[in-house]
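Structure, as structure tokens:
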Amino acid sequence: MQLLIISRFIERSLRTVRGTPTLTRLAIGVLLAAVLALGGPAYAQNLAKPGAEAAPQAVPGFWDPRRRPDRPDLSRLTVIRFLTETDYPPFNFTGPDGNPAGFNVDLARQLCEEIKVTCTIQMRRFETLLDAIASNRGDAIIASLAVTPQMRARVDFTDPYYRAPARFVSRRDAVMAEVRPEYLEGKKVGAVAGSSHEAYLKAMFTDAELHSYPNDDALRLALRRGEVDFIFGDAISLAFWINGTDSGECCAFSGGPFVESRYFGEGIGIAVRKGNDLLRQALNWALFRVWEKGRYTDLWLRYFSVSPF
């Protein structure tokens, strides 16, 4: 019963983004870590449906097996000081023991094992990360940092290790295997006002009837109430909502992911100081190796019971 109460709180809280007050999100991280510790990965994958089997899902792959990166001279690396943020569950959060936890943190530890180098992981407020690496207080940022032209001007990035795609969600009785502009002609489609998702709908789904909402909560409520036929938004947060109690098991993904970089970014990479090619290449090599060995898949399935892809 204790685990069930904790899990329901987490399901509601995982919808948060970086605008959520720090103390609230720190609490979410501690509770999420408690569930992982008490119930294990299998329990964490079925928070909303105790005892249910997780549906098979496709795990994204961002590496081309035909483009194996060369192994750099790893002997020149003696330590890697990773920087991450404190309050972006499930990617980064403070565990019940006060130590860093989350998808990014676990991935960083796997990279360290692959490179066979001593690593430290320091948690900092998100807005301080770039200054910290510029002043040599760390070597690499692994904190769900989006690759953008503005960021590239300040740091160098590894290859993307995940992306935040966009997807459509419909009610379960109206799921479509594929979504094309012509399929949504005359359909009511919701998006958050001013978002890249709204801009994409305006550009590509011109025959749909667009409905704009002030935030994610209002958008999702509109779908539950049947005010719109589809909603379109960030697939990662939508995946947690679909699998959580707040959705009331009303809805499911329709069609596949949309990843156009012009609207939804180039992906998420690990940032290093400008010109630190040795570390960037070492991390690229290690990322490929972790994926090739299936360890990335295991990690993904631990944290994402409903795939955003």
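We did not get these values from a lab; they are worked out from the coordinates using the rules stated. Small disclaimer: the values here were computed from a predicted structure and weren't measured. In this analysis, Cβ positions are derived from the backbone assuming ideal geometry, glycine residues included, and neighbour counts consider all displayed protein chains.
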Span per principal axis, largest first, for the Cα atoms of the range 141-193 (Å): 45, 20, 18
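Rounded to a whole number, what is D in µm²/s for the range 166-264 from Stokes-Einstein with the Kirkwood radius over alpha-carbon pairs (20 °C, 1.002 mPa s)?
Calculated translational D: 163 µm²/s.
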Quote the FRET efficiency, to the nearest 0.05, computed for residue 249 versus residue 134 with a Förster distance R0 of 41 Å and r equal to the Cβ-Cβ distance. 0.30
Along the range 104-116, Karplus-curve 3J(HN,Hα) (6.51, -1.76, 1.60; θ = phi - 60°) to the nearest Hz, with x for Gly and Pro, reads 4, 5, 5, 5, 4, 5, 5, 5, 4, 5, 5, 6, 6
For 94, 245, what ranking results if the residue with the fewest other Cβ atoms within 10 Å of its Cβ goes first? 245, 94
Quick one: compute the contact order of the range 166-264, relative version, from alpha carbon pairs under 8 angstrom and 6+ residues apart, as a percent. 45 percent
Counting other beta carbons within 10 Å of each Cβ, put 270, 115 in order, fewest first. 115, 270
Which of the listed residues, 301, 291, 253, is farthest toward the dipole's positive end in the range 243-309, when Lys, Arg count +1 and Asp, Glu count -1 at the beta-carbon? 291
